[in-house]
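Have a look at the structure below before the remarks.
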Amino acid sequence: MADCLFCKIVAGEIPSTKVYEDEQCLAFADTNPQAPRHVLVVPKKHFTDIGDLGQDAEAAAGLVAGIGGLARQEGFTDYRTVFNTGAGVGQSVFHVHAHVLSGRPMGWPPG
């Protein structure tokens, strides 16, 4: 999608701090980290949100595999993965992405 920030990052048109990449996805450091390690994992193909991604089993599996690959590469043993779907819950870029957070205790229930 021509005006999508994350599509531009995937295409290399906007710089990012790349952390992990494979055939299906790209992972890069979040510019507003909420944990010592906060990485965004995006599919290379544009999907608006997780519901949209769910229509493509191969791409969905690729994103989940990419999250696992990132975690193995970075040595994350405990991490939180978050998907926001819709502006009302905090999605600000409408290209599906997983927030992968690690490096600090994250209590439950969230406070």
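Evaluating R104 against the criteria (1) of a type in the set (K, R); (2) modelled with pLDDT of 95 or more; (3) surrounded by fewer than 14 Cβ atoms within 10 Å (Cβ to Cβ) leaves one unmet condition, (2).
Wholly within the range 1-87, which helices (runs of 4 or more DSSP H) include no fewer than the required count, namely at least 3 residues that are within 26 Å of W108 (Cα to Cα), of a type in the set (S, T, N, Q) and at pLDDT 95 or above? Lay out the reasoning, then the answer.
Working: elements: 5-10, 50-53, 57-74.
Output list is empty.
Filtering the range 61-81 to residues that are farther than 13 Å from H97 by Cβ, of a type outside the set (D, E, K, R) and touching a Leu at 6+ places or on another chain (Cβ under 8 Å) leaves F76, Y79. Close Cβ contacts (under 7 Å, 6 or more residues apart or on different chains) running from residues in the range 14-32 that are more than 15 Å from A98 (Cβ to Cβ) and touching a residue at least 60 places away in the same chain (Cβ under 8 Å) to residues that are assigned to a strand (DSSP E or B) and among the charged types (D, E, K, R) are absent.
The values are calculated or read from the model by the stated rules, or taken from the named source; none is laboratory data. Quick caveat, the model's predicted, so the values are computed rather than measured. Using ideal geometry, Cβ is built from the backbone for each residue, glycine included, and neighbour counts are taken over all protein chains shown.
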